[in-house]
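Working notes for the structure below.
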Amino acid sequence: MSVTATRAVGSALGRIEGPAKVTGAAKYAGEQDDIQDVAYVWPVQSTIAKGRIRHIDDAPIRDRPQVLAVLTPDNAPHLQPLADAELAVLQTRNVAYRGQIVAAVVAQTLETAREAAEQLQIEYDEEAHDVELTQDHQSLYKPEHVNPSFPTDTEQGEVDHALATAAFSVDHTYETPALHNNPMEPHATLAIWHGDELTLYDSNQGAYSVQQTLAQLFDLDPAAVHVMSQHVGGGFGSKGTARVNAVLAAMSARLVRRPVKLALHRHHQFAVVGYRTPTIQRIKLGADADGRLTAISHDVVEQTSTLMEFAEQTAIATRIMYAAPNRRTTHRLARLDMPTPRWMRAPGECPGMYALESAMDELAIECDLDPLELRIRNEPARDPESGKPWSSRSLVECLRDGADRFGWAGRDPRPAVRYDGSWLVGTGVAASTYPAYAGPATAAARAERDGTFVVRITASDIGTGARTALTQIAADALRVGTDVVRVDIGDSAFGQANIAGGSMGTASWGWAVTKACTELREEVGRHGEIPVDGIEVHADTSAEIEARTGYKFQGFGAQFAEARVNVDTGEVRVPRLLGVFGVGRVINSRTARSQLIGGMTMGLSMALHEEGVLDPAFGDYVNHDLAEYHVASCADVTDIAAHWVDEQDDHVNPMGSKGIGEIGIVGTAAAVANAVHHATGVRVRDLPIRLDKLLGRLPTRTG
Amino acid sequence: MKAFQFSRADSAAGAVRSVAANPRAMFLGGGTNLVDLMKLGVERPDELVDITRLPFDRVHLDADGTVRIGANVRNSDLAAHPAVRTGLPVLSQALLAGASGQLRNMATVGGNLLQRTRCVYFQDVTKPCNKRRPGSGCPARTGQHRNLAVLGGSETCIATHPSDMAVALAALGAQVAVTGPDGDRGIPLEELHRLPGELPDQDTTLRHGELITGVAVPALPFAERSAYRKVRDRASYAFAVASVAAALDVHDGLVRDVRLAFGAVAPKPWRAHIAEDALRGRPATAAGFRAAVEAELAAAVALRDNGFKIPLISNITVGLLQDLAGARS
Ligand SMILES: Cc1cc2nc3c(=O)[nH]c(=O)nc-3n(C[C@H](O)[C@H](O)[C@H](O)COP(=O)(O)OP(=O)(O)OC[C@H]3O[C@@H](n4cnc5c(N)ncnc54)[C@H](O)[C@@H]3O)c2cc1C
């Protein structure tokens, strides 16, 4: 494959829609103020974790002024069943988890809908629920595969024997809590029916996928469903597929025969749009006298719901990170009376690498090796799992470059010896990784007679800068400046394209855009002059994606953290966080840095703050707002830097780029936890590293 | 949200009259707590009387050193006031450690004192809570109580009072000025909030219709040597998990006088009288500080997840007193 020559690609072009966003001119799903006669729907959530609705008494609210409809399982429009059982909104009286939508009120104003919804009386036949994930939960089972289609378990060699005979070994269990995506813009939909045609303004990560799903649910031709998502205020995976908001808005609009808007409340976000499963991960590592891994074992326990299976691929990164002749990974799921977990930024890699990279740090201490050196010694020449060559792999360069930038050399490995007043100081390192996926997509490119170009693709810019990056890619493929190119995205009418997920947006859309624009340039060349009605070409990358084999495509990185822990209080501060990544060619240095830093910030937040706190008596996450569910504040993130090494990859895709949306969150929590250990000598193996987990275990001050 | 009447008071007497006449009327300050609670359905007033236009928006330094703070002074203005910054650093620091810049710009002194607990069960109307619905039960005892009380709680309620400012004012021995249907009265800040006992729904000793008009901080010669230390789960924009307000007067190595109050450990700002008494006249040493604090904390009761607050309060109090004594650089 030849990688396109670049001019715009690689520059720091500012976000094209930036001015519109900061002036409020950019309209999000819930802001279509030119649509008239909009009604509002407010969901009612179950207050039991398991059981059945016995009776819903809507008499007190049904006839209130402004109330248009009360939706219940008894009168809700029938939906076609789908594999995503969470979308079967109001199709049964059964309750599968606390917070599930069990009714809804549609009214002329938001306030009326909400007040009436809160007055709705629902009686339940409640059953005993089971909501707590434990390592030996009685419902544990082995799923057919883990997301999206990886083997559930893998085994090579004689793991137990290798562990038993290893010169050095570690065996520890690490836990991560439920984590909630919490994009700034909550899930929102405005639904409008014209006869049997449905139009949705929807906040999602892929308008095409939402179109297909809604068409299936309402038994419509996909062409009868039009989904528009011009601007999306984040998703972190929680808007990867259609969510209940789209379904409930569409149902309500059909019932009351007018446009209906639904913007979920922050509280809803903690129950009905997905979250990252809690995990319990046992890692065993064995190494020879030189610190070469002889065995790697990673056993994962995590949860799914009773509605459907969601099997997070937590151990997949362990399968490819390091060389070792004996290796084993397993995943087991507990089916709980909880909402279905879904994707959250770097599903799989993020929790899995916290455990693996913590264990690597523990092993380095056992072997008396610098943790950097331990990783370098175990660098695999090929993908240890498939035996394929890497299309490129720069982990060692990232570790070395990061070490230079961070000032790692000469680090005293002893824990708990560096004081600065009341603060213990330490440093830690961890590796990052994320696959460089790509999916098939279609794109159209048009040359207009006035010398401008328009590209159309159902890409989604969820705040990443995708629109801007695609403009750069298109301009280079057309060999024109970005100022004469307009890229239209976020509209299902533009045809099939994958979602903004799996860090594969830019690679997949960029590929289709490159193909369409290259063909258009050639076409324009053949014409000489552009006719009055322009020239348009369509491209589809299915064949190219199909042919993309022979290599393991994967990005790598290294993250360094400094941690300070107060000996009197256990407070943890991370004054420095530095990441170096090998992610192929960086298309836009400004938006890329923002993605990497954003991922690292979220990783820091995971390390220190984020935790869905379960109340087992009720079966819900009780800290369901942003005052109680803490994400890192600006004051928590002081000096944070992301860099990248020069990585040329001629195999990965025509842009030579790897995804950058998720790799930044992978490994961060381990780097922080390792730094906390170096600072204090205390190893916290269950996130987040809260002060009360440290207090009482800290050394008493000497200096 | 339930529909409600809204009016803007132009006199304190008028405001009191309106609220006193309607058992479901409430005063509205900056609204940063009340409006949130209305959205959650926790508070369901049918009438709001906005009091922010009333002329209680000044900070005045009396000749005798008393600092008089109007009830409507915004938290950010109070924190920035020169008399507070230099004369009452503990108060300025406590305010600045609370909430966010935007919230402090809205929040009033009166509203800050009367803000309600952040207990997650209190804020969720789908669950029992003795403070919200007396007799319905307290799920926090066995549920999520990591940030709830170790001092002053009862079987019925272990909510903590969340204010930072009130902890500083408690240490400073402030007096709350109130006007109500039965006239004016003053309440020592320490007696404004009450312990839950059998009546956890009653946060304060105020009667319905009583309006806070201001707070007076009496002159305290050593208030310049005061400070606030807050511990929270992130570096900014979080309620305290433990905090301490202290003012210390050391002479010849002995504690001549001291003021001490704890936050986030009790249903009210916890003035540490036992510790203060144990400190006065004793050597200003770390050991002495620790013994005094431990005497205060002897009554503390820990549940499954909040016991860490006891050593935490102890550590930060000892540290802060050492700082104020100049023993720690
Ligand atoms: C996300 C978040 C984080 C926060 N973090 C912190 C923190 O870290 N530390 C902290 O201390 N606080 C924190 N706060 C709370 C904040 O300080 C309070 O919300 C604020 O001080 C309340 O003041 P207000 O004027 O807005 O009160 P309002 O909401 O207007 O009123 C609160 C109550 O006081 C009553 N009231 C108001 N004024 C009077 C008066 N003059 N007389 C009689 N009754 C009156 C009202 O009727 C109401 O019951 C936080 C709040 C939020 C939302």
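Quick note: the coordinates plus some simple rules give every number you see, no bench work behind them. Just so it is clear, the structure is predicted and the values come from calculations on it, not from any experiment. Cβ coordinates were reconstructed from backbone atoms using ideal geometry, including for glycine residues, and neighbour counts include every protein chain displayed.
In table form, for the structure just shown:
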{"read-out": "Within the protein assembly as shown: Cβ-based charge dipole about Cα centre, in debye rounded to nearest 20 (Lys, Arg +1; Asp, Glu -1)", "value": "1780"}
{"read-out": "Over the range B:226-324, equivalent-ellipsoid semi-axes from the Cα gyration tensor in Å", "value": "23, 15, 11"}
{"read-out": "Expected 222 nm ellipticity per residue - DSSP helices of 4 or more, -39500 (n - 2.57), all of the protein assembly as shown, to 500", "value": "-7500 deg cm²/dmol"}
{"read-out": "Gyration tensor over alpha-carbon atoms, the range A:354-495, equivalent ellipsoid semi-axes in Å", "value": "46, 20, 14"}
{"read-out": "Dmax and Rg, reported as Rg then Dmax, of the protein assembly as shown (C-alpha, Å)", "value": "30.4, 98"}
{"read-out": "The range A:339-381: mean projected area of Cα convex hull, nm²", "value": "4.3"}
{"read-out": "10 Å Cβ neighbours from other chains, averaged over peptide B:120-127", "value": "5"}
{"read-out": "Spin-label model distance (nm) - B:ASP184 vs B:ALA298, 7 Å beyond Cα toward Cβ", "value": "4.2"}
{"read-out": "Per-selection Kirkwood Rh - the range B:64-201 (Cα, Å, 1 d.p.)", "value": "16.4"}
{"read-out": "Shielding by other protein chains, B:228-236, mean Cβ within 10 Å", "value": "6"}
{"read-out": "Sparse-neighbour loop sites [trypsin sites (Lys or Arg not before Pro); the range B:286-325; at most 14 other C-beta within 10 Å; DSSP]", "value": "B:ARG304"}
{"read-out": "Approximate spin-label separation B:ASN22-A:GLU144, in nm, with each point projected 7 Å along Cα-to-Cβ", "value": "6.1"}
{"read-out": "Relative contact order %, chain A, counting alpha carbon pairs below 8 Å whose residues are six or more apart", "value": "17"}
{"read-out": "Per-selection Kirkwood Rh - chain B (Cα, Å, 1 d.p.)", "value": "20.1"}
{"read-out": "Listed pairs A:LYS21/B:LYS2; A:LYS50/A:LYS239; A:LYS50/B:LYS309; A:LYS261/B:LYS39 exceeding 28 Å between Cα atoms", "value": "A:LYS21/B:LYS2; A:LYS50/B:LYS309"}
{"read-out": "D_trans [Stokes-Einstein, Kirkwood Rh over alpha-carbon pairs] for the range B:210-256, 25 °C, 0.890 mPa s, µm² s⁻¹", "value": "179"}
{"read-out": "Per DSSP, loop trypsin sites (Lys or Arg not before Pro) in the range A:607-703 with at most 11 further Cβ within 10 Å", "value": "A:ARG701"}
{"read-out": "Percent of alpha-carbon pairs separated by more than 20 Å within the range A:619-703", "value": "60"}
{"read-out": "Added length on full extension, which subtracts the Cα-Cα distance from 0.36 nm per residue, A:GLN135 to A:THR549", "value": "145.3 nm"}
{"read-out": "Cleavage-rule hits (GluC sites (Glu not before Pro)) in the range A:455-536: DSSP loop, at most 13 neighbouring Cβ within 10 angstrom", "value": "A:GLU529"}
{"read-out": "The range B:226-324: relative contact order as a whole-number percent, Cα under 8 Å and 6+ apart", "value": "26"}
{"read-out": "Sites B:SER11 and A:ARG64, calculated FRET efficiency, Cβ-Cβ separation with R0 45 Å, nearest 0.05", "value": "0.75"}
